[in-house]
1. Within a Cβ distance under 10 Å of residue 460, other residues only, what is the Lys/Arg minus Asp/Glu net charge?
2. Checking the table 191/426; 342/587; 456/564; 233/259 against a 19 Å threshold on Cα-Cα, which pairs fail?
3. Which FRET efficiency value, to the nearest 0.05, do you get for residue 30 and residue 220 by plugging their Cβ-Cβ distance into 1/(1 + (r/R0)^6) with R0 = 60 Å?
4. Rounded to the nearest percent, how much of the accessible area of segment 396-531 (1.4 Å probe, protein heavy atoms only) is carbon and sulfur?
5. Give me the one-decimal nm value for the distance between modelled label points at residue 386 and residue 573, 7 Å along each residue's Cα-to-Cβ direction.
6. How much length is gained if the chain between residue 471 and residue 192 is pulled fully straight, taking 0.36 nm per residue apart and subtracting their Cα-Cα distance, in nm to one decimal?
7. From the alpha carbon gyration tensor of segment 412-498, can you work out the equivalent ellipsoid semi-axes (sqrt of 5 times each eigenvalue) and give them in Å, largest to smallest?
8. How high is the FRET efficiency from residue 316 to residue 598, r the C-beta distance, R0 41 Å, rounded to 0.05?
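The values are calculated or read from the model by the stated rules, or taken from the named source; none is laboratory data. Note that the structure is predicted; figures quoted are calculated from it, not measured. Positions of Cβ are generated from backbone atoms using ideal geometry, with glycine treated the same way; all protein chains shown enter the neighbour counts. Keep in mind that these areas ignore ligands, DNA and RNA; they rest on the heavy atoms of the full protein, side chains included. Shrake-Rupley method; radii C 1.70, N 1.55, O 1.52, S 1.80 Å.
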Amino acid sequence: MKIKLRETAIKLFAPFKSALKSIGGFFSRTAHAVWQFMCRSKRFARFAYVTFPHWRKKAAEFVKNNRFTKFVARKKAKIIVPALVGASCLAVMLCASVIYTVSSDYYPEGDPSVNYGMRAFTYSTFDKSDIKRGSISLSWTDGVVNLTGGETVVRIKADVNPKTMNDTQVEWSVSDEEYAETDGDGKITAKAPGRVRIFANLVNYGVTAEAKLLIRQPVTSIILPTSTLTLYKGGSAQHINARVFPEDASDKSVEWSSKDPKIAVVDSNGTVKPVGTGMTQITATTADGGFKANCFVTVVNPSVDVSEITLQNADDMRLTAGESVNAVVTVSPSNARNKTLKWSSDDESVAAVSGTGRIRAISAGTAYITVSSVNGVSESFPVEVTAAPEDETTAEPQRRGVIYTPYNLTFPQAVSIQMAQNPPLKIWVRGGTVNASEADASEYMDPNNYCEGAYKYQFMDLSTPCGVSEDELNAYLADKGVLSGHAAAFIEAANTYGLNEIYLVVHSCLETGNGTSALSRGQEVDGVTVFNVFGIGAYDNSALSSGAARAYRENWTSVDEAIKGGAQYISESYVHSPYTRQNTLYKMLWNPENPTEHQYATDVGWAVKQAAAIGDVMAEMGIDAQAYDVPVYNGMIPPTITY
């Protein structure tokens, strides 16, 4: 009966035999692939080939020793027990594969605790070369740093694994040493704006980690070429070119805005377009740092050319030699398109005129001053100059209070002119001079920056003596080298040439290093020892030789002669000059009436340094200046000076 049933079953399932074989093969291959995948975990593979066979041997010994085979001998037990044991083992192995998915160390060959399965290892994860591999990770991989003071130092740390490695030496390098350098220990010195890559190499294992570093130069300031601008309704737009400092700033982008778009609008490039009449404020703001600069824009109705120029203060054109006056003119019509004026004198030996219309009387006679517009309209008027009384000194009457002298140039225009001069402006940096940047010049030229405390003395009227005594001045000069004991010469020079005696002393101390410079201690020229205590004629590139040559020509053969001769030169060429009238430290340095012309020094900080030293002496002696002359650039609000 059993045989017949079996034969019948074979006949019934014969058509499905091929299909069943294919299904069985599929499951077999799938199981094999799953097993291979699971064995990629070192912990699972070790369990399957080492630990589990060891447990199976122990289990077999336990069954044998406890006579468990009697139960196993039963027919049903022969099927159930292996099935249960296999299922349990499979579950354990699956759990192990989930729990231990991270690769870890395994027993090396030759370990006496390993009894089984080492010869069965056929997987790539069991390559013995893994023992020699290490890994290196960095504390950061994508960094940004701002340059401060020229250089900035950052640090990066390397973490080497495994910790049990014998040699963990790391070599550091950068992709471009123009931008950054490394000391070989993770210290990175950023030098210039740019992008670099930092490499940490695990020397004996060929493993390298890499980090990227962006080095930025932050923005420090912004200026506009003009603080005022006039446009005409319906006329063409005008571009404003903002200057962002420093020149190598990483992000020089600027955002533009108009306070009243109904009057004028500005696009993202700084082009201002007039819309309606009135005045508004155009603001440029740096994206980096939020620094701002403003330009006041006035939009007027379409205009015409200048048709007439009229002198308003003709009665003021009778002067005494040494006096000066500002010519006041009216340009018609009021909506003239271009009101720029040019001034000239037909006899500068009688009266000279500056580019802003300030007239200076020089000697007796009559001179004609002519003022012209760009479209050719002009007006001429006479200036009558009488000689000064013979008993007058060159010093003008003493002034009191604060006067504000206006100038036609805007502040940005004056800065631009100064930056174009040759030789260029200088600034002291770490004991030496370098070419000054436009930002440096702007800082020291702006009257609002250095106007408080002792700095206000850069606006002190140097033609006003302060009446200090000889004893007080000698006490100050006691430790000033060759200048010590020469207070009488300074006071005599100040009274003779109409100068502030404290200014003369401080100026001389600054120029001679407190009376210790080689030029002040005497130089021999053609067998004659000469002295120069104000640095007159001492040019930047040949200070000693050129300064000594000037002293030789002027016959300054003693310290007293050098003091008096230098004071005469400063008085006649600067403070009381009929051509320039540079009667303050600020004017001597910057000459706002004619920028770059006839300037005393190239150091942008010269006036401020002198002012600070004068302030110390004035405070020590308990006195204060009584007269100040403050420059006012076109469109600029001047500082308030207290005295």
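1. Working: positive: 456; negative: 461, 624, 629.
Every neighbour counted, the sum reads -2.
2. The pairs that break the limit, which is 19 Å between Cα atoms, are 191/426; 342/587; 456/564.
3. 0.30
4. On the way: 2860 of 6020 Å².
Of the solvent-accessible surface of segment 396-531, carbon and sulfur hold 48 percent.
5. Calculated label separation equals 3.4 nm.
6. Values: separation 279, 0.36 × 279 = 100.44 nm, distance 5.51 nm.
Here the answer is 94.9 nm.
7. Numbers: eigenvalues 228, 61, 35 Å².
For segment 412-498, the semi-axes come out at 34, 17, 13 Å.
8. 0.95
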